[in-house]
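A short reminder: the numbers here are calculations on the coordinates, not readings from a lab. This one's a predicted model, so the numbers in the text were calculated from it and none came from an experiment. Cβ placement follows ideal geometry from the backbone for every residue including glycine, while neighbour counts extend to all protein chains displayed.
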Amino acid sequence: MKVEVEAGKTLLVDGPASVDLLSGKAEVLAAPIKRGNRIVVRHGKRLPFEIKSNATFEIMLGEGASYEEVEGSTIPENWVKAVNEIISEAKSNTPLTVMIMGEVDSGKTSFCTYLANVAIREKLRVAVIDGDLGQSDIGPPSTIGYSILNKCVKDLFDVDADNACFIGLTSPGTATTKVIEGLSKLKEEVERKEAQLIIINTDGWVEGEDAASYKLRLVETLKPHIVVGLQQSDELLHILSGIGNAKVYTVDSPSAIKKRDREKRKILRELSYKKYLRGAKIQSFLISWINLEGTLLGKGITPSRERMRQIESILGVKPWYCEETQKTLIIVLGRNKWVPEENLKKLEEAIKKRIKVFREGEESGLIVSLKDINGRFLGIGILQGIDYRRRAIKIYTPVEKGIHTVRIGQVKLDREGKELGVCTVFTE
Ligand SMILES: Nc1ncnc2c1ncn2[C@@H]1O[C@H](COP(=O)(O)OP(=O)(O)O)[C@@H](O)[C@H]1O
Ligand SMILES: [Mg+2]
C-alpha cells in the first residue's frame, strides 16, 4: 500500500514488513534512505523513518506487522546532544572508545546505530563491537562480533562480522570472564585496524549486584573513555555510580520503543541462527584432523585393554567408549545405559581421576563454531553426532573451507535454529 508522510513526522514500522521510499527524503537512525532500496523490517523489530521532506512509501506488511505516524522525531534530545559531544571528542582524541549499557530493550542497538551513522557522516572510521550475546546484531547469537563500517546502516543486523568470538551461550551469567576476554581481544583487533571511534554494545543483564560487578569489570578491562547508560528511571544507577575513570552520559530510553517479550526475543534469535545456517549441509571430520575445543573429548588416549576390564568390572556395565586424560576419565555409555552413583564413586577412588559420563547421542544438537588456522571465525554449525569408535564428528554447517578448529558450545539447536535448551556435560 502507498503511504504519504509529511516532513517533520516519523513513520514507525513494526515488522515483518518491507518499506520502499518512492519519493521524498527520509532517514532511519541518521542513515539516509535511498530510493529504490527495499528495506526489510524483521519480525519483532521496529524501525523509525524520520521524514526529512514530504515522502511517499510503498509498504508491505507481513502477519502481525503494522505502522503508525508520530509527530517529530523519536530520537530523544539527549541522544542528539550526547552523540554530538562524542563525535567532537572522537575527532580530537582517537581512538575513542564508547561503551553502551542498558537493560534489555532499552535502545542500546538503536543508540549504537545512530551514533555510528552520525560518525560515518562526519567521516570517522567507526567500529562496532557487539557484546550482546543474546540479542546479537553482528554475528550469530552466542557470539560477540565486530564490524568496521564503511557506510551508514539502518540495521546492524545487515552488516557482516569482520571477526567474532564464540561464547556458546546466550546469556553472560556463567561466562563473564570469557565475554570480557573476547571483547578485549576484539577491541585490540579494531585498534590495529585504526578505527577512530570504537562503539561497544553490551548485554542487557543489569539488575542486581552480580550484574553490576560484571559490568564494572567490563569497564575496568576495556577502559572506555565514555560510558553511555540508557535508562527510563534509575535502573543503571548502581552500575554507573561505580564507574571511576570514564565520562558517563545517562540518556533516555526512547518512549517509542517496542518491548519484546522473552518469546519474541527467542524468535529473533532463531531468525538469526537461521541466517547463519543458510545453505548448511552435513560434513564429517576425523577428530585427529581438526582442533576440537570446548571439550575434553579428543584430548586423551584410549585406555589399555586391562584398564578397560578394570573400569568395566567396577562400573558393572560395558562403556560404549572411554578416553583418559591426565586428570579425567571420560565414559560414554550407550543410549539407555545407566550406572549406579556408588559404582562411579568407587571407580573414581580406584583410578584417582575425575569421571565424566556422557550418553551416546547426548551431544547431538550442540551449537559449534568454526575457525580457520589463524583463529578467524568462519561461522557456526550444529553438532549432529560423534562417532566415538571412529573418532569422527558430524557437523551441520554452511562453512565449507578452511576449517581448522571446532569449538563446542552449550546451546542446543534444531536445524531450523530453534533453541532446545542448554547442555553443559560436554564442556570442559
Ligand atoms: N528512537 C526509537 N524510535 C523508534 N523505535 C525505536 C527507537 N529506539 C529503539 N527502537 C525500537 O525498539 C526496539 C528495541 O530497541 P533496541 O535498540 O533493539 O534495544 P536493545 O538493543 O537495548 O534491546 C527495536 O525494535 C528498535 O528498533
Ligand atoms: Mg540490542
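One table, with the values for the structure above:
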read-out: Estimated inter-spin distance, SER18 and ASP387, nm [label 7 Å along Cα→Cβ]; value: 4.3 nm
read-out: Too-long pairs where the Cα-Cα distance tops 19 Å, listed order kept, from LYS154/LYS412; LYS108/LYS418; LYS259/LYS418; LYS187/LYS412; LYS25/LYS154; LYS187/LYS274; value: LYS154/LYS412; LYS108/LYS418; LYS259/LYS418; LYS187/LYS412; LYS187/LYS274
read-out: Viscosity 1.306 mPa s, temperature 10 °C, Stokes-Einstein D of the range 278-428 from Kirkwood C-alpha radius, µm²/s; value: 98 µm²/s
read-out: The range 317-428: relative contact order as a whole-number percent, Cα under 8 Å and 6+ apart; value: 20 percent
read-out: Kirkwood hydrodynamic radius over Cα pairs of the range 24-142, then Stokes diffusion coefficient at 10 °C and 1.306 mPa s, in µm²/s; value: 98 µm²/s
read-out: Considering only the chain, percent of DSSP beta bridges that pair antiparallel, nearest 5; value: 70 percent
read-out: Fraction of antiparallel bridges per DSSP, the range 77-274 only, in percent to nearest 5; value: 30 percent
read-out: Farthest positive-ward along the chain dipole, Cα basis, beta-carbon charges - from GLY36, ALA195, ASN163; value: ASN163
read-out: Among beta bridges that DSSP assigns inside the range 278-428, antiparallel share in %, nearest 5; value: 75 percent
read-out: Dipole magnitude of the range 2-71 about its Cα centre (Cβ charges: Lys, Arg +1; Asp, Glu -1), debye to nearest 20; value: 340 debye
read-out: Residue (of GLY279, LEU329, GLY294) at the positive-pole extreme of the range 270-357, dipole from beta-carbon charges; value: GLY279
read-out: Cβ-derived FRET efficiency at R0 22 Å, LYS337 paired with ARG309, nearest 0.05; value: 0.80
read-out: Cβ-placed point charges (K, R +1; D, E -1), dipole of the chain about Cα centre in debye, nearest 20; value: 1760 debye
read-out: Taking SER106, SER253 and counting other C-beta atoms within 10 Å, the order from fewest to most; value: SER253, SER106
read-out: The chain: angle of helix 341-351 to the longest principal axis, Cα-based, in degrees nearest 10; value: 70 degrees
read-out: Burial ordering of LYS223, LYS215, fewest other beta-carbon atoms within 10 Å first; value: LYS223, LYS215
read-out: Sequence of TRP205, TRP338 once ranked by neighbouring C-beta atoms within 10 Å, starting from the fewest; value: TRP338, TRP205
read-out: Stokes-Einstein D in µm²/s, Kirkwood radius over Cα pairs - the chain at 4 °C with 1.567 mPa s viscosity; value: 55 µm²/s
read-out: Estimated dipole of the range 77-274 in Debye, rounded to 20 [Cβ of Lys and Arg +1, of Asp and Glu -1, Cα centre]; value: 420 debye
read-out: Length-normalised contact order for the chain - Cα pairs under 8 Å, 6+ apart - percent; value: 13 percent
